[in-house]
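J.: One structure, pasted below without further comment.
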Amino acid sequence: MKKTGFFIVCITLIMFCSTGLIAEEHKKHDDHQSGHSFHKYHLALFGGFTSNLDAKHTDFSIGADLEYRLSEKFGIGVLVDMVMADHTETIIEVFLAFHPADNIKLFLAPGFAFAKHEVHEDEHHSDEHFGRLNSEEASTTSLETSSHFAFRLGASYDFHIGKLSISPTISADFINSTVSLVYGVAIGIGF
């Protein structure tokens, strides 16, 4: 329950702190409506890798995100990533994006990570087995799903080709006291 409360507080603070900036950007956007260079919506598919810095291994990752631009400089959205480790981890986050220049996007995203992990006969439910178990471990009795608060900080650079974008992306995920780097390329479309 504490994690849900923290998540709600984070989103509330983000929205509260950015309200004045967003209102100012809306005014600028309204004043320059005819020359705007961004789409209100942007949908992207991601392919890349997640390197867990604590466990020192890398796994393939795929994902998708949808952003709604509140103004030329700010957007909000949702992202879903899947890390193809020994047991798939799914990360679902709501993000706030800042676009300081036409091609640059900085974002922060609180959310949750879900993973299935093996529960051995002699094990008790432990957070240290969140996701990524070694395949050499003994046979299991069952799979259990766990969830943890997740927080992502990231950046991308967009190369635009009409409505399409190709965006090298890098982010840091903070999940259950572990840090992972997520990096790859997103291909998107603005509409």
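The values are calculated or read from the model by the stated rules, or taken from the named source; none is laboratory data. Predicted, not measured: the structure shown is a model, and the values here were computed from it. Backbone-built Cβ (ideal geometry, glycine too); neighbour counts: all protein chains shown.
J.: If I filter the stretch 29-51 down to residues being modelled with pLDDT of 80 or more and of a type in the set (A, V, I, L, M, F, W, C), which single residue comes out as surrounded by the fewest Cβ atoms within 10 Å (Cβ to Cβ)?
T.: So, considering only residues that are modelled with pLDDT of 80 or more and of a type in the set (A, V, I, L, M, F, W, C), the one surrounded by the fewest Cβ atoms within 10 Å (Cβ to Cβ) is LEU45.
J.: Still on this structure, I have one more. Taking the condition of being closer than 19 Å to PHE191 by Cβ and in contact (Cβ under 8 Å) with a residue 24 or more places away in the chain, how many residues in the stretch 78-122 meet it?
T.: Number of matching residues: 7.
J.: For PRO100, are the conditions met, namely being more than 15 Å from the chain's Cα centre (by Cα), modelled with pLDDT of 90 or more and more than 17 Å from GLY48 (Cβ to Cβ)?
T.: Against the criterion (more than 15 Å from the chain's Cα centre (by Cα), modelled with pLDDT of 90 or more and more than 17 Å from GLY48 (Cβ to Cβ)), PRO100 qualifies.
J.: Further question on the same structure: When ALA155 is evaluated against the numbered criteria (1) surrounded by fewer than 17 Cβ atoms within 10 Å (Cβ to Cβ); (2) within 16 Å of PHE49 (Cα to Cα); (3) at pLDDT below 90; (4) not β-branched (Val, Ile, Thr), which criterion, by number, is the only one it fails?
T.: So ALA155 meets the others, but not (3).
J.: Go through (1) buried (at least 16 other Cβ atoms within 10 Å of the Cβ); (2) at pLDDT 95 or above and name the single condition ARG132 misses.
T.: It fails just one condition, (2).
J.: Looking only at the stretch 54-84, filter to residues that are in a loop (DSSP other than H, G, I, E, B) and over 17 Å from the mean Cα position of the chain (by Cα); which one of those is surrounded by the fewest Cβ atoms within 10 Å (Cβ to Cβ)?
T.: LYS56
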